[in-house]
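Bear in mind these aren't lab numbers, they're just calculated from the coordinates by the rules spelled out. As the structure is a prediction and not an experimental result, all values here were calculated from the model. Heads up, the Cβs are rebuilt from the backbone with ideal geometry, glycines too, and the neighbour counts pull from every protein chain shown.
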Amino acid sequence: MLSETIENALNKQIKLEANACMRYLAMATWAEVIGYNGVAGFFYKQSDEERIHMLKLVKFVNERGGTAEIPSLEAPKSTYKDLHELFGNFLESEEAVTESINHLVFQTLEEKNYTVHNFLQWYVAEQAEEEALARTILDKLKIIGDDKSGTYLFDKDIEGIVAQTELNEAQE
Ligand code: FEO
């Protein structure tokens, strides 16, 4: 069973994941139109992942006797100054999701709801991975600075990261 507090908090998380899904889709579109195909592929994939994060929550809430609320979505930011701003926003977005997950975990401990606590551990691990990835990419971008050929290679590099992740996932 879910208390009203936990059900509301899980529904709030559904909305956060849904908004992240749309935010990354807008990032993918921005990158694709400019011609950063590697970066576009990266954000299309991130957007797909956020939809999965949202769906897992929707199904969990419904299975636990609650009712998942399918939210209306905020219009995402659609233009970026450059890749630094783009990936800076990506990190900020992930940090906000992590903060929300951490708060949810805290609430489950307060209520001694170990079923939801256990379910959320997947999200805790996922957030650690996503934040680490965003920081690694931002570090690369800092080294490149405004160098045009560096940016071109960076885009190719990201394409490689996406292809490798897809290969690893296919083998799992
Ligand atoms: Fe589902 Fe990347 O937060």
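Rg over Rh for segment 1-88 works out to 1.10, both radii taken from alpha-carbon positions and Rh defined as the Kirkwood radius. Among the GluC sites (Glu not before Pro) in segment 12-82, those located in a DSSP loop and surrounded by at most 11 other Cβ atoms within 10 Å of their own Cβ are E74.
What the Cβ-Cβ distance of E69 and K148 gives, at R0 = 41 Å and to the nearest 0.05, is a FRET efficiency of 0.35.
Dimensions of the chain along the principal axes, based on C-alpha atoms and rounded to the nearest Å, stand at 56, 33, 27, largest first. Loop-located trypsin sites (Lys or Arg not before Pro) across segment 102-169 with a Cβ neighbour count of 13 or fewer within 10 Å are K112, with loop assigned by DSSP.
Give me the Debye-computed log₁₀ of I(q)/I(0) at q = 0.10, 0.18 Å⁻¹ for segment 90-172, equal point scatterers on Cα only, no solvent, two decimals. For the requested q values the scattering log ratios are -0.39, -0.87. Stick to Cα atoms and the Kirkwood definition of Rh, then tell me Rg/Rh for segment 78-134. Ratio of gyration radius to Kirkwood radius for segment 78-134: 1.14. For segment 96-121 versus segment 70-89, the spacing of their alpha-carbon centroids is 26 Å.
All C-alpha to C-alpha distances of segment 128-172, sorted into 5 Å bins beginning at zero, yield P(r) values of 5, 20, 23, 24, 16, 8, 3, 1 percent in whole numbers.
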